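Shown next, in structure tokens, is the structure this report addresses.
What follows is calculated from the coordinates using simple rules that are stated; it is not laboratory data. As the structure is a prediction and not an experimental result, all values here were calculated from the model. Backbone-built Cβ (ideal geometry, glycine too); neighbour counts: all protein chains shown.
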Amino acid sequence: MVTPIESAADLASQQRIKFGTLRNGSTMDFFRDSKIPIYERMWSTMISNTPTVFVNSSKEGIARVKAGSYAYMMESSMLEYYMGKDCQLQTIGGLLDSKGYGVALPKGSPLREIFSKAILLLQERTILEALKNKWWKVTTDCPTVTDSHSSLDRVFGIFYVLLAGLIVAVLLAAGEFCIESKQQSVRMRLTLLGRFFNWLYSPTRLAPPTSTPRMRSTRLDTMNDLTNNSQVRQHEGRSWLLDDGSLPKLIPSSTSREDFRRISRLIPPGDEVLINRRISTIIS
């Protein structure tokens, strides 16, 4: 059962459902004497309604509730009693006020202290609670009344929070990628889309890192007979002679000009400037 009224404030702020109490009862006295603004407004509404919203007995009030468009306010003890017997009734909201019951005795009666101690003892031993459960809580087969709409709202609220967090995380990741790509695109003169495809189709993206060979000193006495200690690398039309350094280095002064010219076949044609620079460096 779904109801738009969850508290006394909701009841006071609408006009569709009338509400009332037992005539000349303690609940009526509570609203009449209350100084709380919301209860004062409810009292003004009750006394101005026509026909009257006050009933002469609790049974009459419950009958009006079952007829529809009427809310009956009564003491919690009596309310629990009728709720345990009738499955068509339900409570809305909490207690408007909290008061205890007492035994009336003449003023100055010596029985006052005896009754007070006896009642406190019954409360401590939960005897009063057991008597209430015996006579008030009648066993019925009433189905449990739950607000399925509120339950679904709570469940969906959790998913809304998770979805919002996921959206924020995706936006932050996209923003970080755009900022980094823009900075790298400016340096590499690539567009954002070009930067993405350059990363996506890069041949080295998934390839394992390889160690770059270090340049070794050139051995001039083994130019015509390259051993396993030497390697030749070619890249973009140029050649380099690399040595792993396992053989001792020769002193440049002992190398002749003819030995140096042996490396000319390893240098592309037209790089005579490079040959002469190397020769002049060694000879000097």
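Among 90-101, 47-58, how do they line up from the highest to the lowest mean number of other beta-carbon atoms within 10 Å?
Per-residue mean Cβ counts within 10 Å order the peptides as 47-58, 90-101.
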| message | Using Cβ contacts closer than 10 Å as the measure, can you line up Arg125, Arg16 from fewest to most? | response | Arg16, Arg125
| field | Amide H within-cut-off set for Phe19, under 5 Å, with H built and near neighbours excluded | value | Ala71
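Go through 24-36, 110-122 and give me the packing order, highest mean Cβ count within 10 Å leading. All intermediate terms of the calculation are to be shown ahead of the outcome.
Values: 24-36: 13.7, 110-122: 11.6.
Order by mean packing, descending: 24-36, 110-122.
What FRET efficiency do you get for Leu122 and Tyr160 if R0 is 45 Å and r is their Cβ-Cβ distance, rounded to the nearest 0.05?
On the way: r = 50 Å, r/R0 = 1.12.
The value I calculate is 0.35.
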| task | Output the peptides 127-136, 165-174 sorted from most to least packed, where packing is the average of other Cβ atoms within 10 Å over each peptide's residues. | result | 127-136, 165-174
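Quick check on my link table: of Lys18/Lys137; Lys107/Lys134; Lys18/Lys59; Lys35/Lys132, which ones sit more than 25 Å apart, alpha carbon to alpha carbon?
Lys18/Lys137; Lys107/Lys134; Lys35/Lys132
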| Alpha carbon convex hull of the stretch 1-128, projected area averaged over orientations, nm² | 10.3
